[in-house]
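Chemist: The structure's right below; bear with me while I get my questions together.
No value in this document is a laboratory result; all are computed from the given coordinates. What you see is a predicted model; the values in this text were computed from it and never measured. No Cβ is skipped: glycine too gets one built from the backbone with ideal geometry, and neighbour counts run over all protein chains shown.
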Amino acid sequence: MFKTIYKLHKYLGIFLAFHLIITMATGTILLFKDGFFLDDKAPVEHQSVKLDSHQIQRATAQAKQMYPNARLLSTFVDESNSDILKIRLGKDGTKKFRGAIKLEYNLVQDKFIQSQTKEDDFFDFILELHRDLLLGTLGKLYIGVLGLIFCFILLSGLYIYRPFSKNSFLGSIRLESFRFFLSDTHKAIGMFTFSWCFLIALTGSFLAFNSTLIKTYQYFELKELREQYKEVDGTVEDAPLAQIIDSIDKRFPNKDLDFIAFADTEFSLPMHYLALVKGRGRFEEKLSSLAIVHRESGKIEAVREFPLYLKALLLSEPLHFGDYGGNALKIIWLVFSLISFWLPVGAITLFFFKKKKPAYFQRTSKRKLRARFKWQHRPYLLTSALSLFILSSIAVQLFIEENLALYFSFILFITIIFFFFMINSKVEEEPENA
């Protein structure tokens, strides 16, 4: 069992290493996409935007007049600019969102504006390389599979590390040879960055499979809703959009309207609008509730929660990019990106340096390596606990509104002590008859 896992870890790791060099390098560059240093004085709490329901109704009515043969699909406020209302219309009455007509309405100027077409820059190229290796949709799926393989590599590495940690102190680094140094450094950094790397790999896989997960939701969840809310024959007269928005605001006084899918579209029901409402806290704004609104009465008939896999997808973006904790979290992401970059580089170097059968495969040999501090299993638990602490201190920021500076200072202090013990822990060889 151990040999099989070791070989899978080794050869899958070499295959993955070249991909990781690209994704880790591009991911590090993307930390600077919006400028590295942010304004930490800006309030971190979600800013509630009060929408004028009658203005939105006028905007969608004008859009329909501009494109009389098109079907209204959706409307929502731009995430990066709350003054911009975005409207989507299906060409020639199609219910599909792909290839939709995209309009922008300025709520302050109370008129439609020309959509800003941003030219691709260096960071757009890096993002595309990071997201799909310039291979499009298939590239995204490939990246998702690589993320799952990386999760296996990390878990198998945790399993393989156990025999070494049993007889060493905090993952001691042997300096007797370059190969020993490479091997021990690879193990120590792998353990130190385990939780962060696992978080990045898992959330990256969710983001890569986002289209697949959405299609899964369409096929299972929306199909179930369509069977529950049957289509009614005959002429249908829609309630005013302003009435629907006011109904949603009244039902959710502590939440904000995020998105409306008009009735009888790809992402709604024949007789019902589907509206997404989100909370105003740092954690709540990442999770939306689904309101089912009858198109004739304008009343909310039901409120549904998203399935677990879609909630995981919604949470994956902030956890993957680390863009919710200000400058302190960006520094942590940068440090971990640079440290973990050694894992694929060291693995490739170690694989091609000088092949030698590992000592734990030589069953006839009785040589054992032990550190001066014979803590048995404690080093394994300590390195794991350190890695888990770092992950929890980062993830907990989704639930609180305080700055990360205190967490960052403490983590940095623990990190310095960790590497101090690794470098200063000398490994001694025991005699053959030990």
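Chemist: How big is the Rg/Rh ratio for the stretch 261-331, C-alpha atoms only, Rh by Kirkwood, two decimals?
Modeler: 1.13
Chemist: Which one of S289, I300, L319 is farthest out on the positive end of the charge dipole of the stretch 287-327, using unit charges on Cβ (Lys, Arg +1; Asp, Glu -1) and the Cα centre as origin?
Modeler: Working it through, the farthest residue towards the positive pole turns out to be I300.
Chemist: Can you work out the base-10 log of I(q)/I(0) for the stretch 69-108 at q = 0.19, 0.22, 0.25 1/Å, using the Debye formula on its C-alpha atoms alone?
Modeler: Debye output, listed in q order: -0.52, -0.64, -0.75.
Chemist: Peptides 140-149, 87-96: what's the order by average Cβ count within 10 Å, highest mean first? Can you show the working numbers first?
Modeler: Working: 140-149: 17.9, 87-96: 16.3.
Result, highest mean Cβ count within 10 Å first: 140-149, 87-96.
Chemist: Over the C-alpha atoms of the stretch 50-135, what are the Rg and the largest Cα-to-Cα span, Dmax, in Å?
Modeler: Spelled out, the Cα radius of gyration and Dmax of the stretch 50-135 are 15.4, 45 Å.
Chemist: While we're on this one: What base-10 log of the normalised intensity I(q)/I(0) is obtained for the stretch 225-307 from the Debye formula, alpha carbons as equal point scatterers, at q = 0.20 Å⁻¹?
Modeler: Debye output, listed in q order: -0.87.
Chemist: Rounded to the nearest Å, what's the spacing between the alpha carbon centres of the stretch 227-299 and the stretch 96-150? Just the number, please.
Modeler: Computed from Cα coordinates, the inter-centre distance equals 26 Å.
Chemist: Here's a follow-up. How big is the stretch 194-344 along each principal axis, measuring the range of its Cα positions in Å and listing the largest first?
Modeler: That gives 66, 31, 17 Å along the principal axes, largest extent first.
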